[in-house]
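What follows is a short report on a single structure.
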Amino acid sequence: MIKSRLIKSFLLFIFIIALVACQEKKVKENIQFPSTDLAVENIIPKPFKTIATNSAFGLDERTAIFTSQNSNGFPEVGQFLSEKIKEKINISIPVNASISETVERIIYINQSDSLDLTTKESYQLYITKDSVIINSKTAEGAFRGIQTLRQIIPETSNDTLTDHKMWLIPTGKIWDHPNYVYRGAMLDVARHFFSVKDVKKYLDVLAYYKINILHLHLSDDQGWRIEIKSLPKLTEVGGKTEVGGGEGGFYTQDDYKELVNYAAQRHITIVPEIDMPGHTNAASVSYPFLNGNGKQVKPYTGTRVGFSTFDARKDTIYAFLDDVIREISDITPGPYFHIGGDESHVTKKKDYILFVDKVEKIVQKYGKKMIGWDEIVQADIDTTTIAQHWSNQSNALTAVRKGSKVILSPAKKAYLDMQYDTLSKFGLHWAAYIPVDTAYQWSPGKYLKGIQSKDILGIEAPLWSETISNIEELEYLAFPRIIGYAELGWTTEENRDWEDYKVRLGNQTPYLEMMDVKYYPSPKIDWKKKSVPIPMGKD
Ligand code: TNX
């Protein structure tokens, strides 16, 4: 199997080399490219290793994309790249089309089993004057690789070198792989609902920065946001409220599948969260038998936490949860199911433990790995269960002692709903003010004493939505900080440096403006409103 793949890759490679050789002859004018430096390009996250060779690949209408054909997902990655090139510089690049006379240069996205590609997301990007080659083991790796390529395509063409427009990509080599396998963003669609369109827009930008997880917080006291066909009142009743008294909303299962597919095309995994046994007022309003706090349940549209609970001692609760977890798991291809578990202040400790232990079994029965906020470590959790650290350090240590991995979302550093400073228009500040530099300048691998990199699955930046109710407000809190978290998750500590990062961040404006992202223009960053063309000079 591996051998035949190797042979196939080798043959394709020979074909491409031959193609490049013939195309080279066609480049009649010996173009004198200006000198470039791949090592100072504004790539985020910063790649593992870069070597610049100071010339340029001239991307133009005579370029064609080819991909490995028999490997899962590679042609789709080529197609995605072609679409993004079209959106950015408005030229049409064919993908796996038959070679025509006009093709002079190629971008080749190649499935490779090279031992240098150490993870499924690793890629190599080799750029010469005549070709761009991306090698990766999987389509996921290729997808990460094309994000790097997208980032180094200039917005402006050089119109002086030939008789037609050419966009100059610096030549050189990049070897890259992620530091952590889990690089997430979380969006609270329960306090305020966000439409499928809004979430897709967020996914587009997350993918560009190599984030690979979107965790959706689908239920809370103020609203239930996912259709459960066997329990229709959850959305008929629980889906109609939100913070501040707005109309709420919910995803039908078809909407959710649409999001899952859209994310999958971007090699992003959706992690669904149903928060319990606390944060469950909206569920209990829909089905009052669930309620365990003894009070009459009324819809809640405020912002307090910790007042609601399921009745962990009733068997009917677990029959209910079996339906919920089964239906959501059935439409969730990713490996995780998040059970929340935070701030269950009115659940008795022994009931909480019983609850988490029972729910873990249901999650496992439907083939998923359980994730929960760090309080879940009070229960007898399995080693495959993952604890998401947000506030309590000793919970994180307990998780590791129990053999579990930890996702780092420390509120003081990684909460996107914390205000930047006292002037911020939206957000809270109960954990901290988090300006853009503070958000970036910490090291996940060293953040918690007693927890090492090997215990950390990755990092995630949660965006709670008590104070935001539309996409512009979402973007104000998320951007630019999420871009820094993307780098914290991907780039090794040795390769991270605030002074270097802030320049690269300031140069994201052409992309953010093209995407119409209403980022917070932090005064700590020198935002470059227009991209600067590569300076002229001889190579
Ligand atoms: C704490 S973090 C919560 C959320 C709130 C958030 C506001 C966590 C697991 N629970 O319920 O929305 O603070 O910052």
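The values are calculated or read from the model by the stated rules, or taken from the named source; none is laboratory data. Please read all numbers here as calculations on a predicted model, not as lab measurements. Cβ placement follows ideal geometry from the backbone for every residue including glycine, while neighbour counts extend to all protein chains displayed. Remember, those area values only see protein heavy atoms, side chains included, never the ligands or the DNA or RNA. Shrake-Rupley method; radii C 1.70, N 1.55, O 1.52, S 1.80 Å.
Worth pointing out:
- Residue within the range 175-185 that is β-branched (Val, Ile, Thr) and touching a helix residue (DSSP H, G or I) at 6+ places or on another chain (Cβ under 8 Å) present: no
- The listed residues are Pro521, Pro533, and the only one of them that is more than 16 Å from the ligand (Cβ to nearest atom), open to solvent by 40 Å² or more (accessible area, probe 1.4 Å), at pLDDT below 95 and over 20 Å from the mean Cα position of the chain (by Cα) turns out to be Pro533.
- Verdict on Trp464 being open to solvent by 10 Å² or more (accessible area, probe 1.4 Å), in contact (Cβ under 8 Å) with a residue 60 or more places away in the chain and within 12 Å of the ligand (Cβ to nearest atom): yes
- Of all residues in the range 403-412, at least one satisfies being basic (Lys, Arg), at pLDDT 95 or above and buried (at least 18 other Cβ atoms within 10 Å of the Cβ).
- Where strands (runs of 3 or more DSSP E) fall wholly inside the range 117-213, the ranges with 2 or more residues that are over 22 Å from the mean Cα position of the chain (by Cα) are 123-127, 131-136, 167-176.
- Taking the criterion of being within 15 Å of the ligand (Cβ to nearest atom) and either of a type in the set (A, V, I, L, M, F, W, C) or out of contact with any strand residue (DSSP E or B) (no Cβ under 9 Å at 6 or more places or on another chain) (or both), the residues of the range 392-412 that qualify are Asn392, Gln393, Ala396, Ala399, Val406, Ile407, Leu408, Ala411.
- Selection from the range 427-446 of residues that are more than 16 Å from the ligand (Cβ to nearest atom), assigned to a helix (DSSP H, G or I) and under 30 Å from Lys369 (Cα atoms): Tyr440, Pro444, Gly445, Lys446
- Residue check for His345: closer than 23 Å to Asp254 by Cβ and either polar (S, T, N, Q) or within 16 Å of the ligand (Cβ to nearest atom) (or both): no
- Residue among Ile89, Ile107 that is buried (at least 18 other Cβ atoms within 10 Å of the Cβ), among the aliphatic types (A, V, I, L, M) and either touching a Pro at 6+ places or on another chain (Cβ under 7 Å) or in contact (Cβ under 8 Å) with a residue 12 or more places away in the chain (or both): Ile107
- Test: residue in the range 220-234 that is open to solvent by 10 Å² or more (accessible area, probe 1.4 Å), under 25 Å from the mean Cα position of the chain (by Cα) and away from the ligand (no atom under 16 Å from the Cβ): yes
- Lone qualifier among Val359, Val400 - being part of a helix (DSSP H, G or I) and buried (at least 24 other Cβ atoms within 10 Å of the Cβ): Val359
- Counted residues, the range 362-388 - those being open to solvent by 20 Å² or more (accessible area, probe 1.4 Å) and within 16 Å of the ligand (Cβ to nearest atom): 2
- Here Leu457 does not qualify as within 29 Å of Lys200 (Cβ to Cβ), assigned to a helix (DSSP H, G or I) and among the aliphatic types (A, V, I, L, M).
- Residue check, Glu494 outside any helix (DSSP H, G or I) and at pLDDT 95 or above: no
- Screening Tyr318 with (1) among the aromatic types (Phe, Trp, Tyr); (2) over 20 Å from Gln222 (Cβ atoms); (3) open to solvent by 30 Å² or more (accessible area, probe 1.4 Å) gives one miss only, at (3).
- Test: residue in the range 197-210 that is over 19 Å from Val517 (Cβ atoms) and buried (at least 24 other Cβ atoms within 10 Å of the Cβ): no
- Test: residue in the range 66-86 that is of a type in the set (Gly, Ala, Ser), in contact (Cβ under 8 Å) with a residue 12 or more places away in the chain and open to solvent by 30 Å² or more (accessible area, probe 1.4 Å): no
- Odd one out for Gly450, checked against (1) touching a residue at least 40 places away in the same chain (Cβ under 8 Å); (2) within 20 Å of the chain's Cα centre (by Cα); (3) assigned to a loop (DSSP other than H, G, I, E, B); (4) surrounded by fewer than 16 Cβ atoms within 10 Å (Cβ to Cβ): (2)
- Candidates Lys295, Lys257: the one that is in a helix (DSSP H, G or I), more than 16 Å from the ligand (Cβ to nearest atom), surrounded by fewer than 24 Cβ atoms within 10 Å (Cβ to Cβ) and in the same structural domain as Gly458 (by TED's automatic domain parsing) is Lys257.
- Filtering the range 119-156 to residues that are among the hydroxyl-bearing types (Ser, Thr, Tyr), open to solvent by 30 Å² or more (accessible area, probe 1.4 Å) and touching a Lys or Arg at 6+ places or on another chain (Cβ under 9 Å) leaves Thr119, Tyr126, Thr138, Thr156.
- Here Leu474 passes the criteria (1) open to solvent by 30 Å² or more (accessible area, probe 1.4 Å); (2) assigned to a helix (DSSP H, G or I); (3) within 16 Å of the ligand (Cβ to nearest atom) except the one numbered (1).
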